[in-house]
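Report on one structure; see the data block that follows.
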Amino acid sequence: MPKFRTLDDIDVHGKRVLLRADLNVPVKAGVVTDATRIERLAPTIEALIGKGARVVVMSHFGRPKAGPDPALSLRPLIGPLEKAIGGRKVAFAADCIGQEAKRVVEALQPGQVALLENLRFHEGEEANSSDFARALAELGDVYIDDAFSAAHRAYASIAALAGLVPSSAAGASA
(Lines give C-alpha, C1' and ligand atoms only; values in the text may rest on other atoms or scores of the structure.)
Protein backbone atom coordinates (compact mmCIF):
# COMPACT_ATOMS: atom_id res chain seq x y z
CA MET A 1 0.00 0.00 0.00
CA PRO A 2 1.45 3.41 -0.94
CA LYS A 3 2.39 5.74 1.90
CA PHE A 4 0.88 9.20 1.81
CA ARG A 5 2.54 12.29 3.20
CA THR A 6 1.54 13.52 6.64
CA LEU A 7 2.28 16.57 8.78
CA ASP A 8 5.54 14.94 9.88
CA ASP A 9 6.80 14.98 6.29
CA ILE A 10 6.45 18.74 5.67
CA ASP A 11 8.19 21.78 7.12
CA VAL A 12 5.39 24.25 7.87
CA HIS A 13 7.24 26.74 10.07
CA GLY A 14 6.17 30.26 9.13
CA LYS A 15 4.20 28.98 6.15
CA ARG A 16 0.56 29.63 5.34
CA VAL A 17 -1.13 26.25 5.68
CA LEU A 18 -4.47 25.76 3.95
CA LEU A 19 -6.21 23.21 6.16
CA ARG A 20 -9.24 21.63 4.48
CA ALA A 21 -11.61 20.58 7.22
CA ASP A 22 -15.11 19.14 7.38
CA LEU A 23 -16.88 21.52 9.72
CA ASN A 24 -20.37 20.72 8.48
CA VAL A 25 -21.71 20.66 12.06
CA PRO A 26 -25.26 21.09 13.34
CA VAL A 27 -26.16 24.70 14.17
CA LYS A 28 -29.45 25.82 15.64
CA ALA A 29 -30.30 29.50 16.09
CA GLY A 30 -26.67 30.41 15.47
CA VAL A 31 -25.29 27.99 18.08
CA VAL A 32 -23.27 24.83 17.35
CA THR A 33 -25.20 21.93 18.94
CA ASP A 34 -22.57 19.23 18.36
CA ALA A 35 -18.90 20.24 18.17
CA THR A 36 -17.54 16.71 17.58
CA ARG A 37 -16.09 17.48 14.13
CA ILE A 38 -14.51 20.66 15.45
CA GLU A 39 -12.96 18.77 18.38
CA ARG A 40 -11.61 16.09 16.04
CA LEU A 41 -9.91 18.77 13.94
CA ALA A 42 -8.16 20.27 16.98
CA PRO A 43 -5.18 17.85 17.03
CA THR A 44 -4.26 18.80 13.46
CA ILE A 45 -4.53 22.52 14.23
CA GLU A 46 -2.54 22.11 17.43
CA ALA A 47 0.18 20.15 15.61
CA LEU A 48 0.42 22.92 13.01
CA ILE A 49 0.49 25.63 15.69
CA GLY A 50 3.23 23.72 17.48
CA LYS A 51 5.28 23.72 14.28
CA GLY A 52 4.88 27.49 13.85
CA ALA A 53 2.45 27.39 10.91
CA ARG A 54 0.04 30.15 9.99
CA VAL A 55 -3.13 28.02 9.91
CA VAL A 56 -5.93 28.85 7.45
CA VAL A 57 -8.98 26.63 8.08
CA MET A 58 -11.48 26.21 5.26
CA SER A 59 -14.66 24.16 5.02
CA HIS A 60 -18.02 23.91 3.34
CA PHE A 61 -21.20 24.18 5.38
CA GLY A 62 -24.74 23.26 4.41
CA ARG A 63 -26.11 23.70 0.91
CA PRO A 64 -26.53 27.40 0.07
CA LYS A 65 -28.88 27.97 -2.87
CA ALA A 66 -26.90 30.77 -4.55
CA GLY A 67 -24.18 32.85 -2.99
CA PRO A 68 -23.78 33.90 0.63
CA ASP A 69 -26.49 32.94 3.11
CA PRO A 70 -26.07 34.29 6.67
CA ALA A 71 -27.78 31.17 8.04
CA LEU A 72 -24.97 29.07 6.55
CA SER A 73 -22.04 31.21 7.63
CA LEU A 74 -19.12 29.60 9.43
CA ARG A 75 -18.97 32.57 11.83
CA PRO A 76 -20.85 30.68 14.63
CA LEU A 77 -18.03 28.10 14.61
CA ILE A 78 -15.41 30.58 15.84
CA GLY A 79 -16.21 30.14 19.55
CA PRO A 80 -16.31 26.33 19.51
CA LEU A 81 -13.13 26.26 17.41
CA GLU A 82 -11.35 28.60 19.85
CA LYS A 83 -12.46 26.39 22.74
CA ALA A 84 -11.26 23.22 20.97
CA ILE A 85 -7.76 24.67 20.50
CA GLY A 86 -7.28 25.75 24.09
CA GLY A 87 -8.80 29.22 23.95
CA ARG A 88 -6.52 30.57 21.23
CA LYS A 89 -8.07 33.37 19.16
CA VAL A 90 -9.34 32.51 15.69
CA ALA A 91 -9.50 35.30 13.11
CA PHE A 92 -12.39 35.21 10.64
CA ALA A 93 -12.45 36.16 6.97
CA ALA A 94 -15.91 37.09 5.69
CA ASP A 95 -15.02 35.48 2.35
CA CYS A 96 -12.84 32.52 1.44
CA ILE A 97 -11.14 34.21 -1.53
CA GLY A 98 -10.34 37.74 -2.62
CA GLN A 99 -9.00 40.76 -0.79
CA GLU A 100 -10.78 40.11 2.53
CA ALA A 101 -9.37 36.60 2.77
CA LYS A 102 -5.89 37.79 1.72
CA ARG A 103 -5.95 40.54 4.36
CA VAL A 104 -6.85 38.13 7.16
CA VAL A 105 -4.33 35.48 6.07
CA GLU A 106 -1.47 37.95 5.63
CA ALA A 107 -2.09 39.34 9.14
CA LEU A 108 -1.50 35.89 10.70
CA GLN A 109 1.71 35.36 12.63
CA PRO A 110 3.28 31.90 13.08
CA GLY A 111 1.11 29.88 15.47
CA GLN A 112 -2.08 31.83 14.69
CA VAL A 113 -5.31 30.54 13.14
CA ALA A 114 -7.89 31.96 10.75
CA LEU A 115 -11.21 30.53 9.58
CA LEU A 116 -12.40 31.36 6.07
CA GLU A 117 -16.08 31.79 5.21
CA ASN A 118 -18.09 28.92 3.72
CA LEU A 119 -16.50 27.57 0.53
CA ARG A 120 -19.92 26.73 -0.90
CA PHE A 121 -20.81 30.42 -1.09
CA HIS A 122 -18.93 30.21 -4.40
CA GLU A 123 -20.30 27.95 -7.13
CA GLY A 124 -16.72 27.22 -8.18
CA GLU A 125 -16.29 24.99 -5.12
CA GLU A 126 -18.74 22.27 -6.13
CA ALA A 127 -17.95 22.77 -9.83
CA ASN A 128 -14.28 21.94 -9.11
CA SER A 129 -13.38 25.20 -10.84
CA SER A 130 -9.69 25.63 -11.52
CA ASP A 131 -10.15 29.43 -11.23
CA PHE A 132 -11.66 29.05 -7.75
CA ALA A 133 -8.92 26.61 -6.75
CA ARG A 134 -6.26 29.07 -7.96
CA ALA A 135 -7.87 31.84 -5.89
CA LEU A 136 -7.67 29.58 -2.82
CA ALA A 137 -4.09 28.59 -3.65
CA GLU A 138 -3.05 32.25 -3.49
CA LEU A 139 -3.71 32.05 0.26
CA GLY A 140 -1.33 29.22 1.08
CA ASP A 141 2.07 27.61 0.76
CA VAL A 142 1.02 24.15 1.99
CA TYR A 143 -2.23 22.18 1.68
CA ILE A 144 -3.30 19.77 4.42
CA ASP A 145 -6.41 17.63 3.93
CA ASP A 146 -8.12 16.72 7.17
CA ALA A 147 -11.60 16.53 5.58
CA PHE A 148 -11.56 12.78 5.17
CA SER A 149 -15.37 12.52 5.25
CA ALA A 150 -15.46 14.78 2.16
CA ALA A 151 -12.37 13.41 0.40
CA HIS A 152 -14.49 11.58 -2.18
CA ARG A 153 -15.95 14.85 -3.47
CA ALA A 154 -14.55 16.43 -6.63
CA TYR A 155 -14.59 19.93 -5.13
CA ALA A 156 -12.09 22.66 -5.94
CA SER A 157 -10.82 22.80 -2.35
CA ILE A 158 -10.18 19.06 -2.35
CA ALA A 159 -9.48 17.80 -5.87
CA ALA A 160 -7.98 20.81 -7.67
CA LEU A 161 -6.28 22.72 -4.85
CA ALA A 162 -3.79 20.07 -3.68
CA GLY A 163 -1.96 20.17 -6.99
CA LEU A 164 -1.66 23.96 -7.00
CA VAL A 165 0.34 24.50 -3.82
CA PRO A 166 4.01 23.52 -3.46
CA SER A 167 3.41 20.88 -0.73
CA SER A 168 0.45 18.82 0.42
CA ALA A 169 -0.24 16.12 2.99
CA ALA A 170 -2.88 14.44 5.13
CA GLY A 171 -3.83 15.80 8.53
CA ALA A 172 -3.10 14.43 11.99
CA SER A 173 -6.17 12.22 12.14
CA ALA A 174 -5.00 10.19 9.13
Self-check item: Helix-only CD estimate at 222 nm, as mean residue ellipticity for the chain, using -39500 (n - 2.57) per DSSP H run (n ≥ 4)
Solution: -7000 deg cm²/dmol
Exercise. Return one whole number: the accessible area per residue of the chain in Å², for a 1.4 Å probe.
Key: 47
Practice problem: Under 28 Å Cα to Cα from residue 15, which lysines show up? Leave out anything in the same chain fewer than 8 places away. | Solution: 3, 51, 83, 89, 102
Self-check item: Between segment 5-78 and segment 83-121, the Cα center-to-center distance that results, in Å
Solution: 9
Quiz item: In segment 1-88, what trypsin sites (Lys or Arg not before Pro) fall in a loop by DSSP, with at most 16 other Cβ atoms inside 10 Å?
Solution: 3, 5, 65, 88
Quiz item: Using the beta-carbon distance between residue 94 and residue 11 and R0 = 41 Å, what value does 1/(1 + (r/R0)^6) give for FRET efficiency, to the nearest 0.05?
Solution: 0.85
Quiz prompt | Rel. contact order, % - alpha carbon contacts under 8 angstrom, at least six apart, the chain | solution = 30
Quiz prompt | Computed magnitude of the charge dipole of segment 56-128 (debye, nearest 20; Cβ of K, R +1, Cβ of D, E -1) | solution = 280
Quiz item: In segment 16-88, carbon and sulfur make up what percent of the accessible area (probe 1.4 Å)?
Solution: 53
Quiz item: P(r) of the chain in 10 Å steps, Cα pairs, percent per bin?
Solution: 11, 43, 38, 7, 0
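The values are calculated or read from the model by the stated rules, or taken from the named source; none is laboratory data. All of these numbers come straight from a predicted model, not from anything done at the bench. FYI the Cβ positions are ideal-geometry reconstructions off the backbone, even for glycines, and counts take in every protein chain you see. These area figures cover heavy atoms from the full protein model, side chains too; ligands, DNA and RNA do not enter into them. Shrake-Rupley method; radii C 1.70, N 1.55, O 1.52, S 1.80 Å.
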